[in-house]
Amino acid sequence: ETGVTQSPTHLIKTRGQQVTLRCSSQSGHNTVSWYQQALGQGPQFIFQYYREEENGRGNFPPRFSGLQFPNYSSELNVNALELDDSALYLCASSSRQEIYGYTFGSGTRLTVV
Amino acid sequence: GNSVTQMEGPVTLSEEAFLTINCTYTATGYPSLFWYVQYPGEGLQLLLKATKADDKGSNKGFEATYRKETTSFHLEKGSVQVSDSAVYFCALSPRNSGNTPLVFGKGTRLSVIA
């Protein structure tokens, strides 16, 4: 059973740029969620995808967008990066059939300068 | 709305000391409750969970009991080890579903010294 894999592990971007983060879901999981964890804070829900469609969104602006692919992998895209976007971005996969079965990846550390 | 409040850290304990990390929640209905642990440089790992009132979750010597009357889910361990040093997050899921987003507390950093 494979876990959740995120890439890259770290990256540095300049304010105003765009970034794409990637996530490979755990085998058998059909739902993926993205969370933003600012330094010293708990993770905040960004959005969730199920069957390639957005299925719930937290309090994040539209410049945060995502995709889910037929193999259930996912991307998080952030446009017009701001300094406050610097955070650890966590991907979690789950299955509607498996209650509480969230599996988190190790995250991508994004630094915006 | 749904929210989780947990005691602020950092918490520093000597090895073999007793640990309590307080967590209270606000939620509509009957949420499921979780404790996650984050070791340095890593993602989140589920430590334990409880899905209904009076349930006790336990794992690796850690325990937490779902107390509906006090809306609490305090984490306890009788004897901590240096390897328990990490950040602990209390979280809730508003509905009994595998795809309901989690609501997290701010985390409590635990340092255990030998």
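Each residue of region A:26-33 was assigned a 3J(HN,Hα) from its phi angle through the Karplus expression (A = 6.51, B = -1.76, C = 1.60, θ = phi - 60°), giving 5, 4, x, 8, 10, 10, 10, 10 Hz with x at Gly and Pro.
Take each residue in B:2-12, count the other chain C-beta atoms within 10 Å of its C-beta, and the mean is 0. Per-residue 3J(HN,Hα) values for region A:75-91, derived from phi via the Karplus relation 6.51 cos²θ - 1.76 cosθ + 1.60 with θ = phi - 60°, read 10, 10, 10, 10, 9, 6, 3, 10, 4, 5, 6, 4, 5, 8, 9, 10, 10 Hz in sequence order (x marks Gly and Pro).
Inter-chain Cβ neighbour count for B:81-94, averaged per residue, equals 1 (cutoff 10 Å, partner chain atoms only). Placing +1 on the Cβ of every Lys and Arg and -1 on the Cβ of every Asp and Glu, with nothing else charged, gives the protein assembly as shown a dipole about its Cα centre of roughly 300 debye.
Note on chain A: with charges restricted to the Cβ of Lys and Arg (+1) and Asp and Glu (-1), its dipole about the Cα centre is near 180 debye. Charges were assigned to the Cβ only: +1 to each Lys and Arg, -1 to each Asp and Glu. The resulting dipole of chain B about its Cα centre is roughly 380 debye.
Sum up the charges of everything whose Cβ sits under 14 Å from the Cβ of B:Q45, counting Lys and Arg as +1 and Asp and Glu as -1, but leave B:Q45 out.
Numbers: positive: B:K49, B:K60; negative: B:E42, B:D84.
Result for the local shell: 0.
Annotation: amide H-H contacts under 5 Å for A:K13 (H modelled 1.01 Å from N, sequence separation of 5 or more, or interchain): A:T111, A:V112, A:V113. Can you check what the net charge comes to around A:V112, using other residues whose Cβ is under 10 Å from the Cβ of A:V112 (Lys, Arg +1; Asp, Glu -1)? Cβ neighbours under 10 Å give a net charge of -1.
May I ask for the net charge around B:G9, where only other residues with Cβ less than 12 Å from the Cβ of B:G9 are counted and Lys, Arg are +1 while Asp, Glu are -1? All intermediate terms of the calculation are to be shown ahead of the outcome.
Values: positive: B:K106, B:R109; negative: B:E8.
Here the charged neighbours net out to +1.
When you filter the GluC sites (Glu not before Pro) in region B:1-80 for DSSP loop state and at most 12 other Cβ atoms inside 10 Å of their Cβ, you are left with B:E8, B:E16, B:E69.
Peptide B:102-112 has a mean of 3 when you count, residue by residue, the C-beta atoms of other protein chains within 10 Å of its C-beta. In order along region A:43-51, phi translates into HN-Hα couplings of x, 10, 5, 9, 6, 9, 10, 9, 6 Hz, rounded to whole numbers, per the Karplus curve 6.51 cos²θ - 1.76 cosθ + 1.60 with θ = phi - 60° and x for Gly and Pro. Between the residues A:L11, A:S65, A:A92, the greatest Cα displacement towards the positive end of the dipole of chain A, with unit charges on the Cβ of Lys, Arg, Asp and Glu, is found for A:L11.
Laboratory data are not the source of any read-out in this text; all were calculated from the coordinates shown. Keep in mind the model is a prediction, meaning the values are calculated, not measured. All Cβ positions, glycine included, derive from the backbone under ideal geometry; neighbour counts span all protein chains shown.
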